[in-house]
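Notes follow once the structure below has been shown.
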Amino acid sequence: MNRRDFIVRSAQFTAAAAVTTGLVPGSVALAQDAAALPFKISIAQWSLHRSIFGKKIDNLDFAKTAKSMGIHAVEYVNQFFKDKAKNEEYLGEMKKRAEGEGVKSLLIMVDGEGQLGDANEANRIKAVENHHKWADAAKFLGCHSIRVNAGSSGTYQEQQQRAADGLRRLAEYCDKLGLYVIVENHGGLSSHGRWLADTLAMAKHPRVGSLPDFGNFRIKGASKDKYGYDIAYDRYLGVEELMPFARAVSAKSHDFNEAGDEIHTDYRKMMKIVLKNAPKEWNDTGRWVGIEFEGGKVDEMTGIKLTKALLEKVGKELA
């Protein structure tokens, strides 16, 4: 290990210890050199959506906020700089601040740019073109991917064909930039693991991949269960089906028990699935697992720290 790596790893250990102190019994002892984990921890900007929408945190300070919690890689959400995709000055400031903090930019999550699986081919092509500017922005920031949605309409098979077509068209553009197009299970049939996995395969392009999310497996529009809720798809099965295509992973969290475990997702079971089924391409993009806290019982900063502490604890057990 050279001097620079020693300094960086020492800083990571110190930051991890600082942010987890007092959150979980014995958490200081669990804080460790992140390089020893079988994966690396990043943070999805949506974890701070209340603070950003509430103007408590500025988008330009996202990297700084992440670093303050001992996290050195970020996943942006386009909603927080929606009108800045082509603003070189603004993007330049984002890049400058992230690099100044020693924080790596991984991807941009893109929403609101049309359905890539639109039933109307002209609309589908327009949606693909709408994503181009975000691919350009991601390339400028130094990201490896843009995260997109596989929204569509029609029958099960029709939606697969339409979404696969849109994804392939977008991947052809992103391929020139050296970027991946990764799809999250994020509503509609995309929350059906087998449907999405088969759709990604149908796209037949090496730049098309997935962003498996530990949550988001409720299929909206499906028949309701006896309690009136949308039908849920097994999250563990869904992640297992999507991991062979994974270029990043989203560790969704909501609520924690006194031991610091997430009560909706068994992180030990889930991370075993992630590590067992990880493809070579996940290694190539850095083996990042992104914290995405969406709970409401604790504040965002606490929820992020709890998720980070849990990932570190589980990572140590699985290392």
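The values are calculated or read from the model by the stated rules, or taken from the named source; none is laboratory data. Here the structure is a predicted model, which means the values were calculated and not measured. Positions of Cβ are backbone-derived with ideal geometry, glycine not excepted, and every protein chain shown enters the neighbour counts. With ligands, DNA and RNA removed, areas are computed over all heavy atoms of the protein, side chains included. Shrake-Rupley method; radii C 1.70, N 1.55, O 1.52, S 1.80 Å.
The table for this structure:
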quantity: Single condition K176 does not satisfy, out of (1) of a type in the set (K, R); (2) closer than 27 Å to L311 by Cα; (3) surrounded by fewer than 19 Cβ atoms within 10 Å (Cβ to Cβ); calculated: (2)
quantity: Residue list for the range 203-233, filter: surrounded by fewer than 16 Cβ atoms within 10 Å (Cβ to Cβ) and at pLDDT 95 or above; calculated: K204, P206
quantity: First in the range 273-285 and touching a residue at least 60 places away in the same chain (Cβ under 8 Å), second anywhere and in a helix (DSSP H, G or I) and open to solvent by 40 Å² or more (accessible area, probe 1.4 Å), Cβ under 8 Å, 6 or more apart; calculated: L275/L318
quantity: Which numbered condition V298 fails, given (1) buried (at least 17 other Cβ atoms within 10 Å of the Cβ); (2) more than 27 Å from G117 (Cα to Cα); calculated: (1)
quantity: Tally of residues being aromatic (F, W, Y) and surrounded by fewer than 19 Cβ atoms within 10 Å (Cβ to Cβ) across the range 248-261; calculated: 0
quantity: Meets criteria (open to solvent by 10 Å² or more (accessible area, probe 1.4 Å) and hydrophobic (A, V, I, L, M, F, W, C)) for F245; calculated: yes
quantity: Hits in the range 91-116 - residues which are crowded, with 22+ Cβ neighbours inside 10 Å and over 30 Å from E158 (Cα atoms); calculated: M94, A98, S105, L106
quantity: Matching residues in the range 63-90 - criterion: being in a helix (DSSP H, G or I) and either open to solvent by less than 10 Å² (accessible area, probe 1.4 Å) or touching a residue at least 60 places away in the same chain (Cβ under 8 Å) (or both); calculated: A63, A66, N78, F81
quantity: Subset of the range 262-276 (residues that are open to solvent by 40 Å² or more (accessible area, probe 1.4 Å) and within 13 Å of P244 (Cα to Cα)); calculated: L275, K276
quantity: Members of the range 142-164 found to be open to solvent by 10 Å² or more (accessible area, probe 1.4 Å) and assigned to a helix (DSSP H, G or I), listed by number; calculated: Y156, Q157, E158, Q159, Q160, Q161, R162
quantity: Residue within the range 174-189 that is under 26 Å from A98 (Cβ atoms), over 19 Å from the mean Cα position of the chain (by Cα), among the basic types (K, R) and part of a loop (DSSP other than H, G, I, E, B) present; calculated: yes
quantity: Residue count for the range 286-295, restricted to those that are buried (at least 24 other Cβ atoms within 10 Å of the Cβ) and small (G, A, S); calculated: 1
quantity: Qualifying positions in the range 45-66 - of a type outside the set (S, T, Y) and closer than 15 Å to T307 by Cα; calculated: Q45, W46, L48, A66
